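Some notes on the structure that comes next.
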Amino acid sequence: MFEFAALTYGVITSFVMASVHRNRREARAHPPVLMLFGWTLMTFSLTTGVALLGYAGYHAMTGRPISLPLL
C-alpha cells in the first residue's frame, strides 16, 4: 500500500510541477485547482518532514535507537 501512495504522490507532484512550469513559460495565470493541489502537496511534504525530524530528535535525546517498522 505504501508503494501505491508513494507512486500517486510522485505522479501528482510531477503533474503539478509540469503545469506550473508550462503556465509560467506561457505567462498564464494558474487555475485555482492547481494552486490548491500545489499548496496541499507542499503542506503534506512539510508536515511529513517535521514529523520525521521530531521522531529522530526524540530518539536522539532519549538515547534509544531509531527503528521504523516495516511498511
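Values in this text are rule-based calculations from the coordinates and carry no lab data. Everything quoted here is computed from the prediction, not taken from an experiment.
Here are the numbers for the structure shown:
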quantity	calculated
Rounded to 10°, Cα long-axis angle of helix 2-25 versus longest principal axis of the chain	40 degrees
Principal-axis tilt of helix 32-62 within the chain, Cα atoms, nearest 10 degrees	10 degrees
Per principal axis, descending, Cα span of the chain in whole Å	53, 25, 17
